[in-house]
Every structure is written in structure tokens, then in C-alpha cells.
Amino acid sequence: MDLERSGDFLHASLDVATHVFVHSTPKFKTTTVRVMTSSPLDERASWRALVPAVLRRGTRALPSKAELARALESLYGASLGYDVVKMGEHQAVIWSLDIVNERFVRNRNGLCSAGLDLLRDVLLDPVLESGAFRKDYVEQERVNLVRFIEGLINDKVSYAAARMLQEMYRGEPYALYEWGTVESLAHVEPEELYASYRTWLATLPVDMYVVGELEPEAIVAELAGLLAAGRQAAPAAAGRTSPTPTSAVRSCVEEQVVSQSKLVIGCRVDMTAVDDDMFVALGLMNVLLGGGMHSRLFKQVREKESLAYYATSGLDRLKGCLVISCGISAENFEKARDISLRQLEIIAAGDFGDDELEMSRQTVLNRLRGIPDHPAALIDFLASYRAAGRHPTIAEIIERVTTVSRGELASAAQRVKPDTIYLMKGTASAS
Amino acid sequence: MTHPSLHNTVGEDVRFRLAAGSLPVILNPRPGFTRTFVVIGTNFGSVDQSFVDPLSGTCIEVPSGVAHFLEHRLFEDSEGDVSDRFTENGASSNARTGFTSTAYLFSCTSNLASNLELLLDFVQEPYFAPEGIAREQGIIEQEIRMYEDDPDWRIFFNLLNALYHVHPVRSDIAGTVDSIHRITPEILEACYRAFYHPSNMALAIAGAFDVEETLALVESNLARHARATGRPHVRPLHPEPDTVRSPEVSQSMVVSRPKIAIGFKEVATGGNGEDLERRDLLSHLAIDLALGRSSAHHEALYSEGLIDESFAASYTLEPGFGFSSISSDTNDPERLRRRVLDILRSVAEEGFSTDSFERLRRRCEGQYIRMFDALDSSAFAFLDSRFRGVSPFAALELLRGITLEEVEQRFREHFHPDRAAVSMVLPK
């Protein structure tokens, strides 16, 4: 098995669509494993989110949640779970296994292998009934997922952001909630779900990441056994990032009986011909705009005008979407909106201070330099760049961040155009 | 001069020192790490609403939300916002207020010396300009409104309100819109005098740093500041009955389905640090054995669709107060309440198996060890254990020696039917 450097990891290709990335270090007490698959966002998103929930209900050897939990407890409290996230126009399912390094506990050899065996059983050897997923497990998890999707409204900040995206990207895959829709979960036959799962196992591209005190060749060999043999997977397809040109900025106001209103502004970012330098400049521009207490949004909307408790911005460089979010009082909507948009114009014109530029730069550098201290951060760093077709080391990105100029930041901001303004207007009376 | 390391089995080099004869400092150098995480805390939180003012010698009462307000205000000094200076120095800073402590922290990968000086300076040099206070009231009012809309925050504080008659743990940590408007510079100064002195505080440092250099910096910084004196704060006992104030409380909010939190009031809240640590550990194990993911009861409730992954069971214990909370989203809160109370009753009679106990003990050990991977959680563990008066590794040591009988006894003591309250959030 050939291992070559890829960013700060060693990389092995098990086949054209199955990759392993290993980072060996003695500095953690935990072995951290992530198994990621991704698919384009489409109407099957909810089924792909449902399958892990059903797999988590039990394996052939441990056919219930409680038995699976007991096995994990016996492995010194190993954690085994999954998450579903949006990565550009893709939906990624990320399995995680975190297990204590056996060096710290008594009477235990082969702890990591035992954990990987359990993960393999969960992924490949689920408990079945008549050759398909158990009917009761599928139905219970279908209901749980429906309730979970309906529960988005409980978190007003996330709900407002999701509503804004639905309006802004109406008709495009990016508008879809990464966990899917309630409608697509109306009828789920266990046989159909199982058949889909078998297809996905065989055909989806998979990336596996491991961080811990390990022998790279040995761990690659173990991870090779984590997936079904003879896969016919194709490499991941890139998502579309070309923006649909828009003319006028859209507005959308919805009322909710809440105390704090939520202002969410969606902007399209032109990602055409973005080289490595501009990719980094875009990230730094977002930090200057709304990525911390030094940022323009925090200073102008919150500190100076006391209009908001929070005022931040987030940037998805895979899709080319920048989102400004503020928690405000309804009567301050227009002022908060105008001041927020003004900050973007100011940056695009290059009218920001050297001190602001340096503080943004230091914020990003501090974050980057600290990544090697967190196993999950190391993995996230490579995975998110990889999704953009890039495989840098942390040192390379640090170098680029150090040299980003005022002009490059302004150019980055010039690629950003406001598209949709969403307001969740709070109608609860002041207490 | 080297400072001996605290013995532990997680492979960490942890040392203790009383800097300038007054400030407890816990140091955890880690070769191979690039970050340094620093947190300084004071033993003063949202429950401290009445205390003796050292200046006048009289007992004063302050509005709820003062500890949190003070946390916000300390971030501004005569030159402006301190967090900006941290950012210029390449550090990220933050602060948090809890029931019994307030903590100020930063993490950095460079310029440790200037960041540490900045932290120690701003915490020791309060500046309470009136115009700053008015502005802060506006910001905190927004923060309070944000929490008002959070169903998980509301269900929890409503539960505390139902459990407690008078104890200040029932007050919202940030206070209310009304209470924060009653905060004056004089009140902030009195709180600062009473609580912000080195013997009532602690400093924890974890990550990439040199022990001797860093200690020398801390000591000379302390020496440069006016020597504030005082004794570690001892919380007064509140005339809080064993009974709950109200068995049930309910609030309507914009949520997709009902939420329920069943809580029990702890009455065994006395003893020294080691007593509390032991009781805390036993209570956590007891709850996990009864209703954790590996329990038959959890599986039953889950399969019936009465609970889902939002289910959580927690336990909190401080000198003078404690409580458990068992919560979940559920379509049938009444039925879930009955089932949980039935389960708790039957567990009190049946106890637990030795196998389950040994498994949970192992899980607890592994998760405890892994907690020390992160600089942040390690530093907070050092701080919290200092305020509790135990070694940061006390729990791990106690874990080895506790017995199943002790866990079962603790379970029966805590989950008393007369001390239960239920908090619900229902869809509008």
C-alpha cells in the first residue's frame, strides 16, 4: 500500500473512490476516526439521513440500541455516532468513532481494533429481518427524523437561516435542508431503504480519516476492511458554484411569536476562476466582515449602535454563499439591514483600517496554528479543502494568509452581491 | 526551582503553586502542543446575591444578573474594549458566568506573555464608567431576549423556579430586563470588592508554555497591583425547605412539539469538597445506570417513541444546592412523566446489576481520561476542582473505590418522590 503526503496527512487510495488519510501523533489520549460519504443534494437526502439512524439501532451480533451501547461502554466509553452536513451542493454523512488510547487504561489490548470492528459491524452488518432492515426500526426512525426536521423551528437562529436559503435558492439543490424533507419521508418501505443502502455502500465515494498514536500502514490495512469489498464507486462529482445572476434584492418577512427578531441577509459570491490566493482572501474577508469581536459587523451593528446582541457572517466557499445574521429588535430592522450592507460596501471599496486588517489576519492565524492541537479540527481542515479540490498543509495556508493584501481583500468583497433579505419579525411583547 | 507534579494516571504534568502567596495557579505544560489556554476565575456567580460588603461590614442584597453584568463590564477599561487588544495580540478571548463562578479566558499560539499580562491586568483593574453601564444594559437586554426565545433554556430555568422557593439558583444567570436596570456603578464596585481578590480566585494554564517563566510573570504582575486581601468566599445557607415550591410548571412557546424536564431537588448539599465530589460521581453513575443509553428502561422508552435522541439526564451539585434533570422532546409529556416516575420507583427497589455497574465504571474512566485531551476542558476542570477544594484527579481516584451499594444508596436518597418537579414547554 503506497502512502503519500496529502496536506498534513498520509494518504492511501484503496481504489479510485475510496481514500484513507492518516495522521499519526502521540499527543492525544484518543484515537479519532471519521468515515465520510457524500452525494449531491436531491430528493433522496432524507433517506440517506435515515439509513444511519437505522444502522445505529443494532447489528446482527448486537441487535438493539442498548446492546450496542453496552459494547461501547465496555470499550471504555467509546463514542460512535454520525452527523449529516451540507458541503456546497452535497450532502455528507459523517460517521465518527472516538476511542481512548489503550495506553491509559489497564487490562486492555487491541482497543482500537475492537472499536473499528464495532464500526464495521454497524456499517456493514446491520440486524435484518426477512433480508431487509427491521420494519419496527425503520418506522421508529422515520418518525424520529420527521420530528427532527420539524424541530428546526425550535432553534430560531438556524430556522431563520434555513428559511432565507429556501427563498434565495428556490429551485436549486442548495435550498434543500441537509436532513431532507418531511414529504419525502411519508412512505418508507424497509426493503426499498435496504436496497438503496446496499447501492450506496457499493457506489458512493468514501473518505476515511484517522488521528492518533498509530502505525499508518497497519491502520490503513484495518480500515480497508471497514467497507464492503468489490465496490464500484466513482469519484465524487464537484458541485455547481456558478451563481445565477440576480437583479433586484429580494425581501421576505415572516412573523413569529418570539422576543428577538432575526435578520438574515444572503449574498451570492462569484466563485469563477478563484485561485488558491483568492480562496484564502475570501475567507479572510469574511472574518473582517463578521468573524469575531473585532469584525465590522460586531463593531458597527452591535457595539456602536447597540442594535444587535449578535452580528456575524458565514461563508460557504464551496457554493459561493455568504450569510449575514443579526439578532435584533423588530423596530431596528431597517437600520440594522442598512448598516450591515454598508460594511460590505466599505470593505469592497478598501475603506477599512490597517488595524482591522491585521486583527482579522491574527484571528485567522491564531485559529490555523491551533488546529494541530485538535484531532477533529485536523480532519475538518483537510476535508473541507478536499471538497474544494485542494489539499494544502496548514503551513501553506498560514503562508497565504500572512501575505493577503488590502487590495485582494477588497477584490474578494467585490465578488459578493446581496441577494435576499429575510426577517423573522418577533411579535412577542416586551416583558 | 521545580514544582512537583500532581500524581495522576492520565499522563499529564500538572503543578500547583500559590502565586504571591495568594493566587492559586494550576499549570499543565504540554510539549508538542501549539496553543496555550489560560483561564482565570473567581468564586462568584449568579447565586451570590447577598453578601457582606468588606468596606461597610454590612450585608447587602444585589439584583439578579450582577455577576454576569460585571463579567461584561470588566472587558472594558479606560482604553476601550480589551478583547480588541487580545485580537491584536493574536489571541481569542471570552468569558462566562455560571451559578457559582465567573471565568475569563483566552487562547493563543503566540505572544503568551503580553496576553497573560493583559488578562491579569484587566481582571485586577476594574473600570465602571456610567455611560458604559447604560450601553451594556442595552446589549444584555438583547441577550436576555434571546434566551427568552430558547425553549431549552426556558424549560431548565422554569424547572429551577419550580424546585426552589428562595434559593437564588432559581434566578436567570443574566438576570431580567428589570433587574439589570437596577444595577449601578456602586453595586458593581461592592461586588468587585467582595469577590475579586486573589484568595477567592484561581488561574489555570494548559498547553504550550514554560512553567518558570510564566510563573515569574504572574508573580510580578500580582506584585505590581494593589494587594487586595480577603478570604475565600463562603456561601451563606439559605432558608430553603426540602420540599419543592411547585410540582409543575408549563409555558407555551413556538416549538414543534412538547418538551418535558423532570427534576429532583438534592437535599444532601453539605460536606467538604471530597464529600461533594463523591456524591456528584455517585449521582451521575446512578442516573446513567437507571436511564442511560445502555439501560433496558431507556431502550423501552425509545422503542415506544416516548423519547428520542434529544433525551438527556444530568446532575448538578454545588455547596448549598443540587438537582437532577431528566428531559426529552416528546409527543406525550404526561405519559412520559408517569413512565419515568414509575421507572425511578422500580429502580429504587431493584437496584442495579454488578455487570452494569462495572461497565459504567469503565465508561466513566475512559471518558474522564479523554476529557483531558482538550486544553479548554482540562483548564476548566482545574479551575472547578480548585473551587471545590479537591484535586483535579479526585474523581478518577474515587471512581476506582466506589461500590455498587453506595450507588444504589445514593439513588434512593436523591430520587425521592416528594422532591420532584416537572417543567414543560408546549406548542402554542
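The values are calculated or read from the model by the stated rules, or taken from the named source; none is laboratory data. As the structure is a prediction and not an experimental result, all values here were calculated from the model. With ideal geometry, Cβ positions are generated from the backbone for all residues, glycine too; neighbour counts draw on all protein chains shown. Protein only, heavy atoms only, side chains kept; ligands, DNA and RNA dropped before computing areas. Shrake-Rupley method; radii C 1.70, N 1.55, O 1.52, S 1.80 Å.
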Treating the Cα atoms of chain A as identical point scatterers in vacuum, please give the log10 of the normalised Debye intensity I(q)/I(0) at q = 0.06, 0.07, 0.12, 0.13 Å⁻¹, two decimals.
-> -0.28, -0.39, -1.11, -1.25
Quote the charge dipole size of segment A:19-116 about the Cα centre in Debye, to the nearest 20; the model charges only the Cβ of Lys and Arg (+1) and of Asp and Glu (-1).
-> 360 debye
What are the semi-axes of the equivalent ellipsoid of segment B:10-79, taken as the square roots of 5 times the eigenvalues of the Cα gyration tensor, listed largest first and rounded to whole Å?
-> 33, 17, 13
Three semi-axes of the equivalent ellipsoid, segment B:280-360, Cα gyration tensor, whole Å, largest first = 20, 17, 12
D (µm²/s, integer) via Stokes-Einstein for the protein assembly as shown, Kirkwood Rh across alpha-carbon pairs, 37 °C, 0.692 mPa s: value 114 µm²/s
For chain A, with a Gaussian network of springs between Cα atoms less than 10 Å apart, report the residue from A:Ala218, A:Ala195, A:Ala311 with the top mean-square fluctuation.
-> A:Ala218
Just report the Cα centroid separation between segment A:246-272 and segment B:288-326, whole Å.
-> 39 Å
Using protein chains only (no ligands, no nucleic acids) and a 1.4 Å probe, work out which residues of segment B:370-388 have their accessible area cut by at least 20 Å² relative to the chain alone.
-> B:Arg370, B:Asp373
What residues of segment B:343-368 lose no less than 40 Å² of accessible area with every protein chain in place versus their chain by itself (probe 1.4 Å, heavy atoms only)?
-> B:Arg359, B:Arg362, B:Arg363, B:Glu365
Between B:Arg400 and A:Glu129, how many nm apart are label points set 7 Å from Cα along the C-beta direction?
-> 4.7 nm
Listed residue (B:Ser252, B:Leu119, B:His68) projecting farthest to the positive dipole end of chain B, Cβ model | B:Ser252
Put A:Asp373, B:Asp150 in order of accessible area, largest first, probe 1.4 Å, and you get B:Asp150, A:Asp373
With +1 on each Lys and Arg Cβ and -1 on each Asp and Glu Cβ, and nothing else charged, work out how big the dipole of chain A is about its Cα centre, in Debye to the nearest 20.
-> 600 debye
Please name whichever of B:Ile307, B:His284, B:Leu375 sits farthest to the positive end of the charge dipole of segment B:283-428, dipole taken about the Cα centre and charges placed at Cβ: Lys and Arg +1, Asp and Glu -1.
-> B:Leu375
For chain A, modelled as a GNM with alpha-carbon contacts under 10 angstrom, which of A:Gly292, A:Gly407, A:Gly180 fluctuates the most?
-> A:Gly407
Largest first and in whole Å, give the semi-axes of segment A:263-334's equivalent ellipsoid, each being the square root of 5 times a Cα gyration tensor eigenvalue.
-> 26, 13, 7
So what is the relative contact order of segment A:98-214, in percent, for Cα pairs below 8 Å that sit 6 or more residues apart?
-> 26 percent
Distance from the Cα centre of segment B:187-251 to that of segment A:1-50, in angstrom?
-> 44 Å
Compute the Kirkwood hydrodynamic radius of chain B, taking the inverse of the mean of 1/r over all pairs of distinct Cα atoms, and give it in Å to one decimal.
-> 23.2 Å
In segment B:53-189, what percent of the accessible surface is made up of carbon and sulfur (1.4 Å probe, ligands and nucleic acids excluded)?
-> 49 percent
Scoring segment A:260-355 by relative contact order with C-alpha pairs under 8 Å, at least six apart, yields a percentage of 34 percent
What total accessible surface area, summed over both chains, is buried at the interface between chains A and B, computed with a 1.4 Å probe and given in Å² to the nearest 100?
-> 5500 Å²
Probe 1.4 Å, all protein chains in place: accessible area of B:Lys428 in Å², nearest 10?
-> 150 Å²
Unit charges on C-beta of K, R, D, E only; dipole of chain B, Debye = 640 debye
Ignoring everything but the protein chains, give the 1.4 Å probe accessible area of A:Tyr174 in square angstrom, nearest 10.
-> 10 Å²
Under 20 Å from the Cα of A:Lys86, which aspartates and glutamates turn up, not counting those fewer than eight places away in the same chain?
-> A:Asp42, A:Glu43, A:Glu150, A:Asp155, A:Glu167, A:Glu172, A:Glu178, A:Glu183, A:Asp207, A:Asp270, A:Asp316, A:Asp380
With a 1.4 Å probe and every protein chain left in place, work out the accessible area per residue of chain B in Å², rounded to a whole number.
-> 38 Å²
Size of segment B:135-285 along its principal axes in angstrom, Cα-based, largest extent first?
-> 55, 44, 36
Taking a spot 7 Å from the Cα of A:Ser79 along the direction of its beta carbon, which residues of segment A:9-34 have an amide N less than 13 Å from it?
-> A:30-34
